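Asker: To start, I am sharing the structure in question, which I have written as structure tokens.
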Amino acid sequence: MAAANRPIVFLTDFGYRNEWVGICHAVMCRTAPDCRVIDLSHGVPPLDVRAAALLLLDSLSFLPDDAVVLAVVDPNVGTDKDLAVETAAGRLLVGPDNGLLAPAWRALGGIRRAVEITSPDILLQPVAPTFHARDVLSPAAGHLAAGGGLDELGPQVEADQLVELQIVEPETEPGRIRCEVLDLNRFGNVQLNVRRTDLETAGLDSAAVLMVEAVARSVRARCVATYADVEPGEYGAIIDPRGWLTLIRGNPENAAEGLGLQSGDPVWVAAAPAG
């Protein structure tokens with residue numbers, strides 16, 4: 001039996017306007033009463049599997065090494081397989097088979113074992129077709145946190161049968177990057193799929209000002225270190241705490257609204273001409 005009393009890191013798109021997060025906590029507590037549940041986020045944009053996968057990927061290095069990760073963003077709840085995965089690094093991941101866990105297990109060295117969660121000894125009965133987070137995934141996460149074995153959850157699944165999720169890479173060329181919007185936060189900041197290494201590849205890492213071309217308009221964004229470095233209404237470009245190039249705007253303005261951007265929209269970034 002594995003080590004007991006592992007913490008559970010919990011990630012969803014549920015929000016807090018209903019009882020779903022609390023009910024899942026309660027189910028986990030019933031199964032593993034001594035475990036600690038860490039709420040990573042429940043504010044993922046509704047049904048946005050990619051946003052959740054990236055949030056989890058960017059958070060891995062900060063999570064307790066022995067934590068069970070329970071991630072639930074599932075547009076096809078009731079039809080996707082429910083998985084428990086042991087990675088080569090020893091991390092345990094629980095979630096739907098829709099690609100949500102794939103970037104994390106790749107970053108953790110790949111899959112050592114994976115099972116489909118089907119055991120009647122684990123599931124809460126009757127299983128609600130639209131709430132597998134409560135009836136399937138939460139009891140499975142609690143089982144693992146309490147020291148239960150992976151094989152007790154259900155039959156093994158081959159890694160090559162699982163859904164993959166590839167993160168779109170930006171297109172870089174000397175002096176220019178074609179990228180896209182990954183996410184918009186509640187402050188209107190625009191996260192792009194550009195890392196510092198992409199800026200270096202394009203020769204933009206030392207640029208003082210970037211020219212940002214969106215579908216609706218183009219603006220100059222000054223490269224800054226902190227959110228407070230931009231003036232009211234001014235656009236800025238910053239490497240956010242998760243390592244992504246992010247467009248910001250000085251209060252009380254909003255970069256997303258000013259640029260008319262939504263998740264997935266294309267953006268071009270280049271060095272701004274002098275002046």
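Values in this text are rule-based calculations from the coordinates and carry no lab data. Predicted, not measured: the structure shown is a model, and the values here were computed from it. Note that we place each Cβ from the backbone using ideal geometry, even for glycine, and neighbour counts take in every protein chain shown.
Asker: Taking the 0 to 90 degree range and rounding to the nearest ten, how far is the long axis of helix 49-59 tilted relative to the main principal axis of the chain, both from C-alpha atoms?
Answerer: 90 degrees
Asker: Hey, got the dipole for the range 8-161? About the Cα centre, +1 on K and R Cβ, -1 on D and E Cβ, debye to the nearest 20?
Answerer: Once rounded to the nearest 20, the dipole reads 240 debye.
Asker: If you don't mind, there's one more thing I want to ask. Quick check on the exposure proxy: order Ile248, Ile111 from fewest to most C-beta atoms within 10 angstrom.
Answerer: With the fewest neighbours first, Ile248, Ile111 line up as Ile111, Ile248.
Asker: Under 5 Å between amide H atoms, partner at least 5 residues away or on a different chain: which partners does Asn193 have, H built in plane at 1.01 Å?
Answerer: Amide H neighbours of Asn193: Glu180, Leu182.
Asker: While we're looking at this one, here's another question. I want the antiparallel fraction of DSSP beta bridges within the range 8-161, as a percent rounded to 5.
Answerer: 50 percent
Asker: Compute the distance in nm between two label points, each set 7 Å from the Cα along the Cα-to-Cβ direction, one at Leu47 and one at Thr201.
Answerer: 3.2 nm
Asker: Calculate, in nm to one decimal, what Thr226 and Glu180 gain on full extension: separation in residues at 0.36 nm each, minus their alpha carbon distance.
Answerer: Details: separation 46, 0.36 × 46 = 16.56 nm, distance 2.23 nm.
Stretched out fully, the Thr226 to Glu180 stretch lengthens by 14.3 nm.
Asker: Additional query: Quick one: give the max-minus-min coordinate of the C-alpha atoms of the chain along each principal axis, largest first, in Å.
Answerer: The principal-axis extents, from largest down, are 69, 37, 30 Å.
Asker: Using only Cα atoms and rounding to the nearest 10 degrees, what angle (0 to 90) does helix 20-31 make with the longest principal axis of the chain?
Answerer: Roughly 40 degrees between the two axes.
Asker: Follow-up question, since we're still on this one. Which three extents, in whole angstrom, do the alpha-carbon atoms of the range 1-151 cover along their principal axes, largest first?
Answerer: Result, largest extent first: 34, 32, 26 Å.
Asker: So, one more: Out of Val27, Gly148, Cys223, whose Cα points farthest toward the positive end of the dipole of the chain (charges: +1 Lys, Arg; -1 Asp, Glu; placed on Cβ)?
Answerer: Toward the positive end, the furthest listed residue is Cys223.
Asker: Relative to the Cα centre, what is the charge dipole magnitude of the chain, using +1 at the beta carbon of each Lys and Arg, -1 at the beta carbon of each Asp and Glu, and rounding to the nearest 20 debye? Before the final figure, lay out each step's value.
Answerer: Numbers: 21 positive and 37 negative charges, 89 e Å.
Using Cβ point charges on Lys, Arg, Asp and Glu, the chain gives about 420 debye.
Asker: Would you tally the net charge around Ser263, using a Cβ to Cβ cut-off of less than 11 Å, leaving Ser263 out, and scoring K and R as +1, D and E as -1? It would help to have the intermediate numbers written out before the result.
Answerer: Details: positive: Arg50; negative: Asp48, Glu180, Asp183, Asp265.
Neighbourhood net charge equals -3.
Asker: Now for a different question. Test of understanding: what is the full-extension gain from Leu124 to Asp240, defined as 0.36 nm times their sequence separation minus their Cα-Cα distance?
Answerer: Between Leu124 and Asp240, full extension yields an extra 37.7 nm.
Asker: Let me ask another. Quick one: work out the % antiparallel among DSSP beta bridges in the chain, nearest 5.
Answerer: 70 percent
Asker: Only sites in a loop by DSSP and with at most 16 other Cβ atoms within 10 Å count here; which trypsin sites (Lys or Arg not before Pro) in the range 157-241 make the cut?
Answerer: Arg186, Arg217
Asker: Between Glu152 and Arg106, what is the spin-label point distance in nm, taking each point 7 Å from the Cα along the Cα→C-beta axis?
Answerer: A separation of 3.3 nm, rounded to one decimal place.
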